[in-house]
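Structure record follows, encoded as structure tokens.
The values are calculated or read from the model by the stated rules, or taken from the named source; none is laboratory data. Predicted, not measured: the structure shown is a model, and the values here were computed from it. All Cβ positions, even for glycine, are placed from backbone atoms using ideal geometry, and neighbour counts span all protein chains on display. To get the accessible areas, we keep the full protein, side chains included, count just its heavy atoms, and leave off ligands, DNA and RNA. Shrake-Rupley method; radii C 1.70, N 1.55, O 1.52, S 1.80 Å.
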Amino acid sequence: RQSNLLATFERLESNVRSYSRSFPVVFRKGAGAILEDENGCEYIDFLSGGSALNYGHNDPDFLNNAVQYLTENGIVHGLDMATSAKREFMECFEEIILRPRGLTYKFQFTGPTGANAVEAALKLVRKATGRSSIISFTNGYHGASLGALAVTGNRYYRDAAGLPPAGAVFMPYDGYWGADKDAPVYLEKVLADASSGVDLPAAVILETVQGEGGINPASKSWLQSLERLCRENSILLIVDDIQAGCGRTGDFFSFEFADLSPDIVLLSKSLSGCGLPLSLLLLKPELDIWQPGEHSGTFRGNNLALITATAALRKYWRNGELSARVTKTGHIMSQRLREIGESNQDQSLLVRGRGMMLGLDCGTGELAGKIVRNAFEGGLVVERCGADDQVIKLLPPLTIDEQTLQRGLDILEKSVNAKA
Ligand code: PMP
């Protein structure tokens, strides 16, 4: 039955689909950290929709809010009319997230995907500065549309556009040369040097922990020197918190640990709480320069997603409990992963990341692929990332209980040690 159902995908769905190849089953249900396929087999989910399900699958409180909204004829699509769902979300976000952090951003809803937020940010910084080039980083990932791809440092994705899109100047991300401060030092020098050929950019775009690029965390000092350089040269700083935000690293925003004050913050993935598409820009008020209608889009600010996003903020961010839990679970995970990495026969596998955004670097895509396949057979869903797919990405729901976490890690350990 299973293979018949997959045959439908083979026959009718474009070849470009990818995850069905890693996980050759048809999934039917999800609850918390558990996925179930059509044969009733259960899997522990350490992928969480690529960090789009930080609170797990189908949180009953979010579902209740969504169902109640729908049964009361709440407006699902209203273009960007003012709705009570949007007002409640903005007020709640301001109260629970912005005000306690002393932040005064305005909301610009984009949507529905992360790449839509990236596109809007790239367009806005050009208008705001009158400059066009963007500094981005090796191994950075910002999305598959042309603008987002232009700032994405991955040849495989870029080649998909035929002639790779231009417009970005790539700098080495923290640790690329093994040194701590390479990009800020280099950037400072070339911006001061009229012969360098590097024009003053409009903005720098970065992830504080690169997700698709291999779970590469930037250090506090590297991020701070980059921010200082931006300020000194009137370059805008965009933090793409689409994957690392919404609590994944422990804080709501991934840049809080470095005390950054980005001009623009991009959020999507886990923002809606339950996997509904929603994305937005948080803007410093002086960047709210577009005239009404200058940047439009039919599916901006989906009301149902705003209802569940508000429920997620209320349930998980009113106090610091989730942050403390992520820090604790992240420690348990990284310690266990270190042991698992060291247990590999040939060479130790390195563990990287922050909070519950962790990666196990297997050195080669081949070894990582073998482990991922073994893990799936053992009942664990994990995926790979990094330029050569050499890193196993571990993103369990932030709300996972310790027993399920340890069961998942047991499967991973067996998968590392199993012969191909
Ligand atoms: N930025 C980052 C950091 C991401 O991880 C992703 C998705 N993996 C995107 C942008 C693009 O988001 P989407 O796939 O929703 O367009």
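Below, the figures for the structure above:
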item: Three-way shape label, region 59-106, alpha-carbon gyration tensor, a/c 1.5; result: oblate
item: Kirkwood-type radius of region 220-270, with distances r between different C-alpha atoms, in Å; result: 11.2
item: Dipole-positive endmost among C385, G330, S221 within the chain (Cβ charges, Cα centre); result: C385
item: Cα Rg, Dmax, region 298-420, angstrom units; result: 16.7, 53
item: Kirkwood-Stokes translational diffusion coefficient of region 111-223, alpha-carbon pairs, 10 °C, 1.306 mPa s, µm²/s; result: 109
item: Quotient of Cα Rg and 2.2 N^0.38 Å for the chain, N being how many residues it contains; result: 0.97
item: For region 145-280: rounded, prolate or oblate by the Cα gyration tensor [a/c cutoff 1.5]; result: oblate
item: Hull volume in cubic angstrom per residue (convex hull over the Cα atoms of region 320-385); result: 91
item: Global size of region 68-174 as Cα Rg and Dmax, reported in angstrom; result: 18.0, 52
item: Beta bridge orientation in the chain: antiparallel %, DSSP, nearest 5; result: 65
item: Accessible heavy-atom area order of E366, E188, highest first, probe of 1.4 Å; result: E366, E188
item: For region 255-343, Kirkwood radius (reciprocal of mean inverse C-alpha pair distance, Å); result: 16.3
item: For region 154-205, size of Cβ-based charge dipole, Lys and Arg +1, Asp and Glu -1, in debye; result: 160
item: Two-site FRET efficiency, K127 against D259, from Cβ-Cβ distance with R₀ of 41 Å, rounded to 0.05; result: 0.90
item: Sulfur and carbon atoms: percent of accessible area, the chain [1.4 Å]; result: 51
item: Rule-of-thumb Rg ratio for region 178-225 [Cα; 2.2 N^0.38 Å; N residues]; result: 1.31
item: Heavy atoms of M356: accessible area, 1.4 Å probe, square angstrom to 10; result: 0
item: Accessible area (Å², 1.4 Å probe, nearest 10) - D346; result: 130
item: Label-point separation in nm, D288 to D410, each point 7 Å along Cα→Cβ; result: 5.3
item: Accessible solvent surface per residue of the chain, calculated while the other protein chains remain in place, 1.4 angstrom probe, Å²; result: 45
item: Cα shape, region 304-343, gyration tensor, a/c 1.5 rule; result: oblate
item: Unsatisfied cross-links (Cα-Cα over 30 Å) in the set K29/K393; K127/K315; K86/K123; result: K127/K315
item: Separation of alpha-carbon centers, region 344-399 and region 73-141, rounded to whole Å; result: 31
